[in-house]
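None of the figures in this text is laboratory data; all of them are computed from the coordinates on show. Not measured: the values here are computed from a predicted model. Cβ atoms come from the backbone with ideal geometry, glycine included; neighbour counts cover every protein chain shown.
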Amino acid sequence: MMRRRVDRLGRIALQAAYRCQGSAPPCPVVFASRYGDVGRSVDLLDQLARSTPLSPTSFSMSVHNAIGALYSIARGDTSAYSAVAAGAETVEAAFVEACGLLSEGAPEVMVVVYDEPLPPPFQHFPAPATVPHAWACRLRASDGASGYSLTCHASTGAPDTPAEDALPEEFAVLRFLVSGAERFEHHVGPRLWRWQHHA
Amino acid sequence: MQALEQEIKKLVIETLNLEDIQPDDIDPAAPLFVEGLGLDSIDALELGLALQKTYGVVLASDSKENRRHFASVRALAGFVSAHRKS
């Protein structure tokens, strides 16, 4: 009965979360989306502009943490859930948040990343998602022998090398995580996020 | 009245996006909320809005009255037929 409340973005995000969680015990979850379910807000604003009553369901689901909240309610799970949005650094912000939770003692943290193309009139916003997508992973503190690290440095500008593949930017971190590559550098304004894989 | 009950069942299903439920699956005398269909307070607000848009009926904020009107599809049909403006 919960599924009726969520639209496409919520459905793909929750599917990723359910599949990743599987039968693992409840753990803190970080939901990360650059723009979230902005289509709902556009609908609500449109209804306001036409002075028609707002849909209570849409209103209740229009906040950034609504999808995560639904996951919590549907599963009766009262673990710590958060929802982050940090522009082009949304995935990095989610992992920083997850590392904070791990350092506070959580044995495992799940990160769920999701976005979809922006509806009119927001298509001109910077770097909207090119396709609806969602992915999730579970993080544990490293035993020291292997794992990943994420560090933030000052950037002197992105290197001028043209990207050779056609994979949209939104998948850069996911590709790094599954590719086994040693390093991925993400330049965002004055910052450089360095992802490293320590085998 | 039976036609109106059928109409309201369709309205409930469409408004609340009840997937996998057909009008005939809804017992007109069964409770809509918590038990029966299992709807909740957000559904009540959404349904109230849909009834207002469709039939021009206005629900007062008196919760006791509303509880009675929203008890079942049959109760809603009775309320709508008594107060409808369209």
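Here are the numbers for the structure shown:
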item: Label-point separation in nm, A:Ala86 to A:Tyr18, each point 7 Å along Cα→Cβ; result: 3.0 nm
item: Whole-angstrom gap from the range A:67-124 to the range B:15-72, using each part's C-alpha centre; result: 33 Å
item: Bins of 10 Å from zero: percent of alpha-carbon pairs in chain A; result: 8, 32, 34, 19, 6, 1, 0
item: Point-charge dipole on Cβ atoms (K/R +1, D/E -1) for chain B, about Cα centre, debye to 20; result: 560 debye
item: Reach of B:Lys9 by Cα under 20 Å, taken over aspartates and glutamates that are not fewer than 8 positions away in the same chain; result: B:Glu19, B:Asp20, B:Asp24, B:Asp25, B:Asp27, B:Glu35, B:Asp40, B:Asp43, B:Glu46
item: Calculated FRET efficiency for the pair A:Asn65/A:Ser155, C-beta based, R₀ 25 Å, to 0.05; result: 0.25
item: Inter-site label distance for B:Glu7 and B:Ser81 at 7 Å from Cα along Cβ, in nm; result: 1.1 nm
item: Estimated distance in nm for a label pair at A:Tyr148 and A:Ser179, the labels positioned 7 Å out from Cα along Cα-to-Cβ; result: 1.3 nm
item: Longest segment of chain A lacking GluC sites (Glu not before Pro) that sit in a DSSP loop with at most 12 other Cβ atoms within 10 Å; result: A:1-103
item: Cα-centred dipole magnitude for chain A, charges only on beta-carbon of K, R (+1) and D, E (-1), debye, nearest 20; result: 700 debye
